[in-house]
Amino acid sequence: MKSILQQQLVRKGTNSVKWDGLERWFRLSEDVLPLWVADIDIRTAPSISEALAARAAQGEFGYTLFAPEAQKAVSDWYGRRHDLIVDPNHVLFSSGVVPALTHIVEALTEVGDGVVIQSPVYPPFHELVVGSKRQVFDAPLKKTDERYEMDFVALEEAMKQAKLFLLCSPHNPVGRVWTRAELEKVVALANQYEVILVADEIHADLTFPSHQHTAIGTLDPRVITVSAPSKAFNIAGLFASYIICPVDEWRKQITKVQNKHHVLPTPFANTAIIAAYTDNRAERWLDQLREELEQQMNDVIDSIESNLPMLHTTRPEASYLLWLDFSELPMSAEERKSWLHHEVRIFLSPGGPFGPQGEAFERMNIGTRRELLDEAIHRLSAQMKRKAFV
Ligand SMILES: Cc1ncc(COP(=O)(O)O)c(C=O)c1O
C-alpha cells in the first residue's frame, strides 16, 4: 500500500498558512522548515477530492443550508466510530471548532462567568474565554514521568467557581487520550457543581490504533461535543465543523448566537462532511493514516532520544503534535525563538501561549515526510553542538 505521509507534496506557493505564512507573516527565509500549525503535509483521501470535484462541476454555489445528509453522516460516524448515539437533529453546523466553542461560551454563559480550562492547552481556549469577557479558571495538568494527567484537586476547585468546562479530548498539545476512568471523574465533578461540559474532540479520529478514545458524551447525555473531519482528513481549509448538542434549550440558545454571526456552510463543507464520514474508502484511508502517524511518532521520539538528549517529551496517544521540553537548554523563550528561526532554521509552535508552564516548551508537528523531520532533528543536533549544549 502506498504511504500517505511519505508522498511528495509541494505546499509552498499555495497560500498555505503553514508554509507561506513563514515568509508572509514572520519574514523568515525560504529554507526554514515549518513544523508548526496543525495541518499536515498530505493530500486528503482521494474519495473526498472526487466528491468535491463532482460538487464543483454542478456550478451552483448559492447560500447553502446544513444538509440533513451531513447531519446523518455525523450521527452515523459517531455511532460507528465512538459508540455515541447522536440524534441527527442535534447536530449543528459550525465553520470551525474555535468559532463553535466561542459561540457556545457566548450562548451559555454570561460576562464574568467562570470557564475551566486545563493548561497547557491549545491557546484559543484561553483567548476565546478572555475575549468573551469570561473568567478563566485554569486547572493545570500534572506531569508524571510517563505522561500528563488531570489534577482532580485543582479541577474540583476550578469547577466550584465555573459555569462551563472546555475539555480538550484528546488533548492538544500533550497528546493524552483520556481514559474512561478519568472522564468518569470529570463527569462526576461537572454534575456535582452543575458545570456545562463542552468537549473539543477534533483530534479524536486520529487516536492511535494502540489507544481507545472515549467520547465523553457516552458518559453523560448532556455533554456538548464539538468536532470536525478537519484534522482527521486534513481539510481544515474547507471550514466544515459541527456541534452535537443534545439539550434542546442549549441548542436553541447556541443557534440564536450562530444566527447573529451568520453561520452557514459552504456547499463544499456539506460535501466534505458527507464524503469523509460515509464513504468507506475514506474510512480505510483514515485507518491507514492513524497507523502511519503512530509509527512516525514513535520513530521521531526514538530519534530525538538518541540525537537530542537534552530535549524531553512524553509519548502522545493521538494525532501528530509533540510537546517538547527545551528547559535544559540555557536560553530564554525569546532567545530560543531567535535561535530556532535563524540558526537552526525550523519553525515550531512556541509553548508560552499554551499556558504558564509552556514557556520552556515547543510543539512540533510531525505530520510531514520523514526526511523533513530527520533534517529538522539533524539541524537541531548540529546547532546544539555548535552552541556546545551537548
Ligand atoms: C484542540 C483543537 N481545537 C480546535 C482547533 C482548530 O479548529 P478550527 O480550525 O476548526 O477552528 C485545533 C487546531 O489545531 C485544535 O488543535
*Working out 0.36 nm times the residue gap between Gln161 and Arg222, then minus their Cα-Cα distance, what length gain in nm do you get to one decimal?*
20.0 nm
*For the stretch 60-279, share of DSSP beta bridges that run antiparallel, in % to the nearest 5*: 40 percent
*Over the chain - Rg/Rh using Cα atoms and the Kirkwood inverse-distance radius*: 0.96
*asked:* Under 18 Å from a point placed 7 Å out from the Cα of His342 along the Cα-to-Cβ direction: which residues of the stretch 374-390 have their backbone N that close?
replied: 380, 383-384, 386-388
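Quick check on the chain: of the DSSP beta bridges with both residues there, what percent are antiparallel, nearest 5%?
55 percent
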*asked:* If each residue of separation counts as 0.36 nm, what is the full-extension length gain between Arg315 and Asp76 once their alpha-carbon separation is subtracted?
replied: 83.0 nm
*Proximal charge balance of Met331 [Cβ under 14 Å; K/R count +1, D/E count -1]*: -3
*Span from the the stretch 231-309 Cα centroid across to the the stretch 97-124 one, whole angstrom*: 19 Å
*Looking at the stretch 41-82, which chymotrypsin sites (Phe, Trp or Tyr not before Pro) are in a loop (DSSP not H, G, I, E or B) and have at most 12 other Cβ atoms within 10 Å?*
Phe61, Tyr63
*Theoretical ellipticity at 222 nm over the chain - DSSP helices of four or more residues, -39500 (n - 2.57) apiece, nearest 500*: -12500 deg cm²/dmol
*If the cut-off is 16 Å between C-alpha atoms, which lysines fall inside it for Lys160, apart from same-chain ones fewer than 8 positions away?*
Lys185
*At R0 = 35 Å, FRET efficiency that the Cβ-Cβ distance of Gln212 and Val17 yields, to 0.05*: 0.65
*asked:* Need the C-alpha centroid separation for the stretch 8-50 versus the stretch 149-166, integer Å.
replied: 37 Å
*Can you give the net charge of the other residues whose Cβ lies under 15 Å from the Cβ of Glu149, counting K and R as +1 and D and E as -1?*
0
*Just grab the label-to-label distance for Ser29 and Glu127, each label 7 Å out from Cα along the Cβ direction, in nm (one decimal).*
2.9 nm
_Taking 0.36 nm per residue of sequence separation and subtracting the Cα-Cα distance, how much length would be gained by fully extending the chain between Val10 and Asn191, in nm to one decimal?_
60.3 nm
*Heavy-atom surface of the chain, accessible at 1.4 Å and reported per residue (Å²)*: 43 Å²
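Out of the total accessible area of the chain (probe 1.4 Å, heavy atoms of protein only), what percent is carbon and sulfur?
Of all accessible area on the chain, carbon and sulfur atoms account for 52 percent.
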*Taking Rh as the Kirkwood radius computed over C-alpha pairs, what is the Stokes-Einstein D of the stretch 60-279 at 25 °C in a medium of viscosity 0.890 mPa s, expressed in µm² per second?*
141 µm²/s
_To check my understanding: the extent here is largest minus smallest coordinate of the Cα atoms along each principal axis. What are those three numbers for the stretch 348-390, in Å, largest first?_
30, 29, 9
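Quick one: net charge of Val247's neighbours, Cβ under 15 Å, K/R +1, D/E -1? Provide the component values of the computation, followed by the final result.
Numbers: positive: Lys163, Arg222, Arg251, Lys252, Lys256; negative: Asp87, Glu194, Asp220, Asp248, Glu249.
Taking every other residue near Val247 into account, the sum is 0.
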*Rounded to the nearest 0.05, what FRET efficiency do His261 and Glu110 give with R0 = 25 Å and r taken as the Cβ-Cβ distance? Could you check?*
0.90
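The values are calculated or read from the model by the stated rules, or taken from the named source; none is laboratory data. On a predicted model such as this, the values are computed, not experimentally measured, just so you know. Here the Cβ is made from the backbone with ideal geometry for all residues, glycine too, and neighbour counts use every protein chain on show. What goes into the accessible areas is simple: the full protein's heavy atoms, side chains included, and nothing from ligands, DNA or RNA. Shrake-Rupley method; radii C 1.70, N 1.55, O 1.52, S 1.80 Å.
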